[in-house]
Amino acid sequence: MILTDFSVRTVALPLISPFRTSLGTQTVRNALLVRVRGADGEEGWGECVADDEPTYSPEYLQGAADIITRFFAPALRAVPDLDPAGVAPALAHFRGHPMAKAAVEMAVLDAVLRSRETPLAVHLGGVRQSVRVGVSVGIADSLDALLDTVDRHVSAGYARIKLKIEPGWDLEPVRLVRETFGADLMLTVDANTAYAPADARHLTRLDAFGLALLEQPFAPDDLQAHADLAARMDTPICLDESITSARDAAAALRARACSIINIKPGRVGGYLEARRIHDLAQANGVPVWCGGMLETGLGRAANLALASLPGFTLPGDISATARYYASDITAPFVLEGDSIRVPTAPGLGVQLDPEALESLTVSPS
Ligand code: OSB
Ligand code: MG
């Protein structure tokens, strides 16, 4: 496609309930949306998963908006015939900023695949019509409140519960949830880097609770600490923040720092790099699952397409819309049993609701 128009806007979606992790508490999802238009009338949308603050990763929303408009848009406009696979190479000389890069690649994917009448899931090589999903449960104000929340999600049918943990909120909540909901509940924990290598002995006590995985206990760049912990725990170690590319993923597997990978397209620079990580993991017999960043319906649609690839054998953090938002910019995604249907329409497969988009846009207003 020949890019003619490139714009960004921010939408603000209030969360139904505050989401607390070891990184902080979030009450609203400000999402940066990218729209591209082409000379032949193509239109595509992408979502940047950067948060307001650079806590989960070094990227943040205003910075992403700036680099996209100031550097990425001119570089992409200069490409004579842009296709989705050409986006990452055209931006490779700009260091870092994977979430911003992923958002523009996503918009180009949407535009090009819509004009070719190809759904993203088909383009990526998806093999499932619906995908099993779980819920990421934030740190609660009390153990009672946690049990209420988990009960609601288990009753709704979710295939897996992930508990956010941090020092002071780990063994006790995990023990209680396991005891209350029984051995059959697929249960995982996510520390978002909240522990130090000296906490390794403490973390091994999580082995008592039959967890399907322990996600990212240590700093993103400390593969050695994860490898040392993996060697002394039965619970599989899963990496999230540490994996920013297929090359990272290969290095982590070589170092035996993890045996499961959480794939988030934004964190790794896009859906095409996400597929490369999937392919590498599959070749090594390593299970992967699709992580979430409290996406709007736009990003949720694309994540469902990614999670339909064969190697995504564990339930993703792709919950129903109602778990996050009262109103969204797309039609809501709903849970059917323990799964959500993969969109089948061309491109990302969702229609943006013009009125919702208008009323939720905060910038430019
Ligand atoms: O670590 O997986 C994470 C949300 C924001 C930032 C980091 C993470 C998360 C989640 C939420 O766990 C997953 C979701 O979108 O449901
Ligand atoms: Mg995580």
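The single condition from (1) under 18 Å from residue 319 (Cα atoms); (2) in contact with an Asp or Glu (Cβ under 6 Å, 6 or more places away or on another chain) that residue 161 fails is (2). A single member of 229, 214, 185, 206 is closer than 28 Å to residue 146 by Cα, assigned to a loop (DSSP other than H, G, I, E, B) and not assigned by TED's automatic domain parsing to the domain that holds residue 60, and it is 185.
Just wondering, is there one or more residues in segment 193-206 that are touching a strand residue (DSSP E or B) at 6+ places or on another chain (Cβ under 6 Å), in contact (Cβ under 8 Å) with a residue 40 or more places away in the chain, surrounded by 17 or more Cβ atoms within 10 Å (Cβ to Cβ) and not hydrophobic (A, V, I, L, M, F, W, C)? No, every residue in segment 193-206 fails to be touching a strand residue (DSSP E or B) at 6+ places or on another chain (Cβ under 6 Å), in contact (Cβ under 8 Å) with a residue 40 or more places away in the chain, surrounded by 17 or more Cβ atoms within 10 Å (Cβ to Cβ) and not hydrophobic (A, V, I, L, M, F, W, C). Considering each residue of segment 1-37, count those that are away from ligand 1 (no atom under 16 Å from the Cβ) and more than 20 Å from residue 65 (Cα to Cα), and give that number. Adding up the residues that qualify gives 2.
Taken over segment 251-282, the criterion of being surrounded by fewer than 24 Cβ atoms within 10 Å (Cβ to Cβ), within 12 Å of residue 124 (Cα to Cα) and not basic (Lys, Arg) is satisfied by 272, 273, 279.
Determine if segment 193-212 includes at least one residue that is on the phi > 0 side of the Ramachandran plot and among the β-branched types (Val, Ile, Thr).
From segment 193-212, those on the phi > 0 side of the Ramachandran plot are 193, 210; that's our starting set.
Remaining after also requiring among the β-branched types (Val, Ile, Thr): 193.
Checking segment 193-212: at least one residue is on the phi > 0 side of the Ramachandran plot and among the β-branched types (Val, Ile, Thr).
Taking the criterion of being of a type outside the set (Gly, Ala, Ser) and either away from ligand 2 (no atom under 16 Å from the Cβ) or out of contact with any Asp or Glu (no Cβ under 8 Å at 6 or more places or on another chain) (or both), the residues of segment 287-302 that qualify are 287, 288, 294, 296, 298, 300.
In segment 254-286, which residues are within 26 Å of residue 109 (Cα to Cα), away from ligand 2 (no atom under 16 Å from the Cβ) and in contact with a strand residue (DSSP E or B) (Cβ under 7 Å, 6 or more places away or on another chain)?
278, 281
Close Cβ contacts (under 7 Å, 6 or more residues apart or on different chains) running from residues in segment 56-72 that are within 28 Å of residue 21 (Cα to Cα) and assigned to a helix (DSSP H, G or I) to residues that are more than 16 Å from ligand 2 (Cβ to nearest atom) and polar (S, T, N, Q) comprise 61/10; 61/30. Take the conditions farther than 28 Å from residue 28 by Cα, out of contact with any Cys (no Cβ under 9 Å at 6 or more places or on another chain) and modelled with pLDDT of 95 or more and apply them to residue 321. Does it pass? For residue 321, the condition - farther than 28 Å from residue 28 by Cα, out of contact with any Cys (no Cβ under 9 Å at 6 or more places or on another chain) and modelled with pLDDT of 95 or more - is not met.
If you go through segment 223-253 and keep only what is within 16 Å of ligand 2 (Cβ to nearest atom) and over 28 Å from residue 51 (Cβ atoms), you end up with nothing.
Identify all residues within segment 229-255 that are in contact with a Phe, Trp or Tyr (Cβ under 8 Å, 6 or more places away or on another chain) and away from ligand 1 (no atom under 16 Å from the Cβ); write none if there are none. Across segment 229-255, the qualifying residue is only 229. Take the residues in segment 1-57 that are among the acidic types (Asp, Glu) and over 19 Å from residue 352 (Cα atoms); name whichever of them is farthest from the chain's Cα centre (by Cα). Among them, the one singled out is 40.
The values are calculated or read from the model by the stated rules, or taken from the named source; none is laboratory data. The shown structure was predicted, so the numbers you read here are calculated from the model rather than taken from an experiment. Heads up, the Cβs are rebuilt from the backbone with ideal geometry, glycines too, and the neighbour counts pull from every protein chain shown.
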